[in-house]
1. With the requirement that a residue be β-branched (Val, Ile, Thr), under 30 Å from Val12 (Cβ atoms) and open to solvent by 70 Å² or more (accessible area, probe 1.4 Å), what does the range 91-129 give you?
2. Please list, ordered by first then second residue, the pairs with beta carbon atoms under 8 Å, 6 or more apart or interchain, first in the range 80-96 and touching a residue at least 60 places away in the same chain (Cβ under 8 Å), second buried (at least 17 other Cβ atoms within 10 Å of the Cβ) and charged (D, E, K, R).
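The values are calculated or read from the model by the stated rules, or taken from the named source; none is laboratory data. Since we're looking at a predicted model, the values are computed, not measured. Positions of Cβ are backbone-derived with ideal geometry, glycine not excepted, and every protein chain shown enters the neighbour counts. Side chains are part of the model used for accessible areas, which takes the heavy atoms of the whole protein and leaves out ligands, DNA and RNA. Shrake-Rupley method; radii C 1.70, N 1.55, O 1.52, S 1.80 Å.
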Amino acid sequence: MTQPAPNYVSAVDACIRVYERNANVKDPSAEEVGAEEATEGMLDYIAVLERNGEVLGDAERAALDDVTQWRAQTGEYVGRPELYLHLSCRGRTAQPKTTLATIKTNVWKANTDVVVHYEWAEFVRNRISKAQSLASVAVQVNNV
């Protein structure tokens with residue numbers, strides 16, 4: 001089974017763990033809220049993140065829905081890497097369903113190996129950065 005952007009999923013999980021730990025320390029009634037945020041046994045990532053003051057864009061909402069679907073494993077998971085990655089070749093954006101043969105013929109136009117560049121979507125980079133900063137704050141708080 002394919003996993004959607006493992007580093008993004010790990011970063012989301014890290015943020016959720018910090019938020020849940022903070023909720024348990026600050027507000028003992030957080031368990032009641034947590035029960036409402038579960039949908040068929042699955043955590044509603046969007047609700048938890050927004051409850052903790054995060055503003056989520058449409059792209060990240062779609063990615064969180066994708067992660068929820070993957071975790072639920074209802075039927076066969078069909079990944080959507082176009083949510084997490086931006087591909088380009090020679091400065092032109094490659095569409096998610098474009099084959100390498102099409103890129104080589106229409107973009108690369110050379111008889112050498114095709115070079116395709118990728119970068120994580122901005123929300124993925126932001127989520128990873130957020131998880132790292134939350135982790136460092138949690139370490140500082142624990143050391144005090």
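1. Going through the range 91-129, the residues β-branched (Val, Ile, Thr) turn out to be 93, 98-99, 102-103, 105, 107, 112, 114-116, 124, 128.
Pick out the ones that are also under 30 Å from Val12 (Cβ atoms) and you get 93, 98, 116, 124, 128.
Selection gives Thr93 alone.
2. Pairs that qualify, where the first residue is touching a residue at least 60 places away in the same chain (Cβ under 8 Å) and the partner is buried (at least 17 other Cβ atoms within 10 Å of the Cβ) and charged (D, E, K, R), are Arg80/Asp66; Leu83/Asp66.
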